[in-house]
């Protein structure tokens, strides 16, 4: 990709080796995902310039680091949101936001004060001090303050990790809106599969200081070549729209490239863009379409790949429905009994579908 972020770092920090070669989109949310110690935060710190290591870094054509130059942190036009909000305790929310905003000369501002306040929903909080905010409110203010520095890239290092479930649910809808409202790239670090499903446009899976795989969210989650499986969270996220509503039974059909899935109706209008998350444990396979079943979603599919799962008795099967992949977790005995093999036409039975609303 000509635009976007190109980051190449190969170094050893203490007892940890980092070897990454990233090409990330110039817009949208790119998520660095992996377990603790996989290298996610170290990579983010290298991009920020907090770790001075050999490498190359360019952001939408602007070179920040190569063999001839290294821009220090204060000269890199970025914003960094940490796990803790780190707001100035003696300043009101408004003055916290104005701190970064006033340091940017007016002609270089790409995000207005009112835009950031609206995007993060903090208008009602402007007169409060940080000690009168919930954890989710503090992080929303921290993100708004970061955006008001008009960065060329926004870095977020597990910003929800220190929050309780209620606070996470409070801030997630605002972070989801950043897909469409921001014209700058966001690099987001997490070990949460749920945050990946809700926020990622582009996914980078890391392990042991290196990159296992990367690509679009749907195709990367559908990959069976990862030595690190996602366990019970294995599954696929599909971009979809609300295609039909069955008001009598409180259901909505979620149309994606290749088919449609019925799920609980959230009251969203026809044409509304959503994400559909289907876990591998909720998909079964049959060699013929079954009648007399409670399962509402039965779709024709083709087997693309069969792989060993973490448990010796299980297999993961990747199937393709039109243009879209799904994963199914089966026992190996079922794979053998059904005589499943690559290229075979089968029927996918989807027992449960999670709908993730998008703005």
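The table below lists the values:
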item	result
Cα centroid separation - the range 101-144 against the range 172-237, whole Å	26 Å
Alpha carbon convex hull of the range 235-357, projected area averaged over orientations, nm²	7.5 nm²
FRET efficiency estimate (nearest 0.05) - Cβ-Cβ, residue 311 to residue 341, R0 22 angstrom	0.55
Label assignment, Cα Rg over 2.2 N^0.38 Å derived from the structure, set (1) 0.98; (2) 1.09; (3) 0.92	(2)
Extension gain from residue 247 to residue 180, taking 0.36 nm per residue of separation minus the Cα-Cα distance	21.2 nm
Residues of the range 144-172 with amide N under 16 Å of a point placed 7 Å along Cα→Cβ from residue 98	145, 148-149
Sorted by Cβ density within 10 Å, fewest first, the residues 71, 316, 330	71, 316, 330
Theoretical gain in end-to-end length, residue 294 to residue 219 [0.36 nm per residue, Cα-Cα removed]	24.1 nm
Cα gyration tensor, the range 1-84 - rounded (a/c under 1.5), prolate or oblate	rounded
Fewest-first sequence of 206, 230 by Cβ atoms within 10 Å of each Cβ	230, 206
Cβ crowding within 10 Å averaged over residues, with 346-353, 62-69 ranked highest first	346-353, 62-69
Alpha-carbon centroid distance for the pair the range 46-93 / the range 281-353, whole angstrom	45 Å
Fewest-first ranking of 43, 11, using other Cβ atoms within 10 Å as the exposure measure	11, 43
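Rule-based calculations on the coordinates, nothing more; no lab input. Everything numeric in this text was worked out from a predicted model, so none of it was measured. Neighbour counts are summed over all protein chains in view; Cβ atoms, including those assigned to glycine, are modelled from backbone coordinates with ideal geometry.
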